[in-house]
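Novice: Here it is, the structure, as structure tokens.
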Amino acid sequence: MTDEIIQGLTDAVINGKKDQAIELAQKALDEGVDPYNAVIDGLAEGMKTMSERYDAKEVFMPHLLIASNTMYGGMDILTPHIKLEGGGERKVLVICTVEGDVHDIGKNLVKTMMSAKGFNAIDLGKDVPIEDIVAAVEENKADIVSMSTLMTSTMDNMQKAMDQINAKGLRDKVKIIIGGAPITPDFAEEIGADFTTTDSMEAATWAMEQANALDEGRW
Ligand code: B12
């Protein structure tokens, strides 16, 4: 039954059937399917297939937008039920897609996993000006900064954000994780970020470990 529901969620995203995604997400909860698995192995897997088909020119932009809208339909039902880990005070995450880039599906998946770990996620959205990122880090006394970009042309803006964070003297106060399809560990190291991964759950685990190890009195 679990496998059928998860496969059904994947198919719903691929076929752009939002009603089906919503119905199956509810069914997953009713049948005791782990909502985390339903998101990652079900909905996100469908989005991954659609991304591959887009790259192979088998589907086009409108299909992607319908697929992502379908994915969010299911996520709205499932995400509130993903178990919160840990207790105590919530660590603060500032998360965004950098200036010039409107891709936010991966960023939202990372946010979902980080929220499930117990972060208070300050989501600045997409196409976020560098000065807004820096201001949000300071205002919210962030523990973790997560930046995404999916385009090679906007990787530079990550470098610029790092430069600004350094220039404002904030670098020692936060841990910085970056990601998105063009980001490699070499690039992360080159710009002075702390970590990158393609796996949103690994990202969340890393972030919580790092946040817990930060000195409380640093802000
Ligand atoms: C969906 C999509 C769109 C949608 C975006 C909808 C949305 N709300 O996000 C729309 C249709 C709007 C779009 C527009 C454009 N797109 Co587009 N798009 C894609 C596509 C097909 C899939 C991206 C996606 O959502 N994947 C699914 C998610 C779940 O995966 P993900 O984002 O990679 O995230 C995962 C990891 O990377 C990681 N991750 C992501 N962020 C972070 C952050 C951290 C901190 C960590 C640790 C991990 C992490 O975790 C996620 C889960 O595993 C990609 C192709 C591809 N195969 O990636 C092209 C792609 C990214 N797009 C591309 C382009 C060029 C554009 C446009 C410029 C097209 C145009 N000519 O108008 C515009 C962008 C305009 C702009 N200024 O931003 C190019 C970029 C080329 C390049 N290398 O620079 C790609 C690669 C397609 C291609 N092959 O040419 N696009």
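The values are calculated or read from the model by the stated rules, or taken from the named source; none is laboratory data. Everything numeric here is computed off the predicted structure, so don't read it as measured data. Reconstructed Cβ throughout: ideal geometry from the backbone, glycine too, with neighbour counts over all protein chains shown. Just the protein is used for accessible areas: all its heavy atoms, side chains included, with ligands, DNA and RNA removed. Shrake-Rupley method; radii C 1.70, N 1.55, O 1.52, S 1.80 Å.
Novice: Tell me the per residue accessible area of region 2-81 using a 1.4 Å probe; a whole number in Å² is fine.
Specialist: Per residue, region 2-81 has 54 Å² of solvent-accessible surface.
Novice: Quick one: grab Rg to one decimal and Dmax as a whole number for the chain, Cα atoms only, in Å.
Specialist: When restricted to the Cα atoms of the chain, Rg and Dmax are 17.7, 54 Å.
Novice: Please give, to one decimal in nm, the separation of the simple spin-label points placed at D199 and E4, each 7 Å out from Cα toward the Cβ.
Specialist: Computed distance between label sites D199 and E4 equals 3.1 nm.
Novice: Rounded to the nearest percent, how much of the accessible area of region 2-81 (1.4 Å probe, protein heavy atoms only) is carbon and sulfur?
Specialist: Solvent-exposed carbon and sulfur of region 2-81 make up 50 percent of the total.
Novice: Give me the percent relative contact order of region 17-116, please, defined on Cα pairs under 8 angstrom at least 6 residues apart.
Specialist: Across region 17-116, relative contact order equals 34 percent.
Novice: Still on this structure, I have one more. Go ahead and estimate [θ] at 222 nm for the chain from helices alone: -39,500 (n - 2.57) per DSSP H run with n ≥ 4, summed, over the residue count, rounded to 500.
Specialist: Rounded to the nearest 500, it is -16500 deg cm²/dmol.
Novice: What do you reckon, how do F60, F187, F119 stack up by accessible area (1.4 Å probe), largest on top?
Specialist: From most accessible down to least: F60, F187, F119.
Novice: Relative contact order of the chain, please, whole-number percent, based on alpha carbon pairs below 8 angstrom and at least 6 residues apart.
Specialist: It rounds to 17 percent for the chain.
Novice: Provide, as a two-decimal number, the C-alpha radius of gyration of region 2-81 over 2.2 N^0.38 Å, N being how many residues it has.
Specialist: 1.01
Novice: If you line up the long axis of helix 2-15 against the longest principal axis of the chain, both from Cα atoms, how many degrees apart are they, to the nearest 10?
Specialist: 80
Novice: Can you give the angle from 0 to 90° between the axis of helix 61-78 and the longest principal axis of the chain, with both taken from C-alpha atoms, to the nearest 10?
Specialist: Between the helix axis and the principal axis of the chain, the angle is about 90 degrees.
Novice: At 1.4 Å probe radius, can you tell me the per residue accessible area of region 92-218 in Å²?
Specialist: With all protein chains present, region 92-218 gives 43 Å² per residue.
Novice: Quick one: compute the contact order of region 73-185, relative version, from alpha carbon pairs under 8 angstrom and 6+ residues apart, as a percent.
Specialist: Once divided by the residue count of region 73-185, the mean separation gives 30 percent.
Novice: Could you check the spin-label model distance between A135 and A213? Points 7 Å from the Cα along Cα→Cβ, value in nm.
Specialist: Modelled inter-label distance: 3.3 nm.
Novice: While we're looking at this one, here's another question. What is the Cα centroid distance between region 32-58 and region 131-176, reported in whole angstrom?
Specialist: Each part reduced to its Cα centre gives a spacing of 29 Å.
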